[in-house]
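Remarks on the structure that follows.
Computed from the coordinates by the stated procedures, all read-outs in this text should not be read as laboratory data. Source: prediction; values computed, not measured. Glycine gets a Cβ as well: all are built from the backbone with ideal geometry, and neighbour counts include every protein chain shown.
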2 protein chains.
Amino acid sequence: MNISEAAQHAGLPAKTIRYYEDIGLVTPNRDTNGYRVFSAQDLHKLTFLARSRALGFSIEDCRALLALYEDQTRASSDVKRIAAEHLDEIEAKISDLVAMRDTLSELVRACSGDDRPDCPILKGIEHAKGPARKP
Amino acid sequence: MNISEAAQHAGLPAKTIRYYEDIGLVTPNRDTNGYRVFSAQDLHKLTFLARSRALGFSIEDCRALLALYEDQTRASSDVKRIAAEHLDEIEAKISDLVAMRDTLSELVRACSGDDRPDCPILKGIEHAKGPARKP
DNA sequence: ATAAGGTTTCCAGTGACTGGAAGGTCAAGA
DNA sequence: TCTTGACCTTCCAGTCACTGGAAACCTTAT
């Protein structure tokens, strides 16, 4: 199976698959013409990667998860630790974004949005509390 | 006022302020020794930038907002449009993250996290629905 | 023979910083 | 006066996870 078909099946752009090979996440064989040939196992890996990326895991997390996925003697605690840490990061990002949304939606609501210069949004930014914690 | 004091007041790292000068967001004067000298107006701009960044606006949005902030003849509709578009992006990100969280927290909950290899998280990734839309 | 479409590699750019090296400047203390 | 340490300067490289584009090679159909 060539790269564009593999891309189709895995739900990833071909460019991304080449990149994943570059950084050692997959190592498809090569045909005599130099084209990549994807096996069923390669496809499983790519699909796994596409889905773990869609859950927001970093590439390095994906690398670790993939190794555990292929290791039949893994401990599920190793998987759970990675997932739980990532879950915490997601929760933190949600909190940050919800705080932004609450502030911003109030400012947008208060702004008349006409051709006059008076603007509660600019005033709100000017007088806002300092930035929260860093993401 | 030198850069580290300005950084203190604005709530930004000095490195970031230099970067903002690089990309033309602020243009502090220079002392005879080459040191940057920040005026009260520079400080207002930096504070405005720190706060709009903390609300998640992109640098280019901040550039536009800063121009409107300084333009006494602006129309508040221009500000509101930028803010409302950003608000939509934030809402979309929140939706994505909440979907990730819901999936992931269920998987983490289901995983025993012991030393056995059986793992609902890996199974869940393997059998998940395809990725949602791109962020 | 040619055209269209797939594939290869490699290089550069994205956003918004951040780290680090190498060197100039300043104020205080011995 | 000299030295120390804390500032400040510029410039270059790296981050993350791709993405775009160029130039060239391969395959298939007409």
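With both labels modelled 7 Å from their Cα along Cα-to-Cβ, the residue A:81 to residue B:44 distance reads 5.3 nm. List the pairs from B:15/B:45; B:15/B:93; A:123/B:45; A:93/B:93; A:80/B:93 whose alpha-carbon separation is above 20 Å, in the order I gave them. As for pairs spanning more than 20 Å Cα to Cα, those are B:15/B:93; A:80/B:93. Placing a label point 7 Å from the Cα of residue B:72 along the Cα-to-Cβ direction, the distances to the matching points in the other copies come to 7.9 nm, shortest first. Helical content of the protein assembly as shown, expressed as a calculated mean residue ellipticity at 222 nm, amounts to -21000 deg cm²/dmol (DSSP H runs of 4 or more residues, -39,500 (n - 2.57) each, divided by residue number, nearest 500). Distances, shortest first, from the label point of residue A:29 to those at the same position in the other copies read 7.3 nm; the point lies 7 Å along Cα to C-beta. In order along region B:17-30, phi translates into HN-Hα couplings of 5, 4, 4, 4, 5, 3, 9, x, 8, 9, 9, x, 5, 10 Hz, rounded to whole numbers, per the Karplus curve 6.51 cos²θ - 1.76 cosθ + 1.60 with θ = phi - 60° and x for Gly and Pro. Residue by residue along B:71-84, Cβ atoms of other protein chains within 10 Å of the local Cβ number 6 on average. With a Förster radius of 35 Å applied to the beta-carbon distance between residue B:9 and residue B:89, the computed FRET efficiency rounds to 0.75. Using a simple spin-label model with pseudo-atoms 7 Å out from Cα toward Cβ, residue B:19 and residue A:105 lie 3.0 nm apart. The calculated P(r) of chain A, using every Cα pair and 5 Å bins from 0, goes 2, 8, 14, 14, 11, 10, 9, 8, 8, 7, 5, 3, 1, 0 in percent. If one computes the Cα centroid of region B:28-47 and of region B:79-95, what distance in Å separates the two points? Using only Cα atoms, the two centres lie 32 Å from each other. Kirkwood radius for region B:1-72, taken over all pairs of different Cα atoms as the inverse mean of 1/r, rounds to 12.3 Å.
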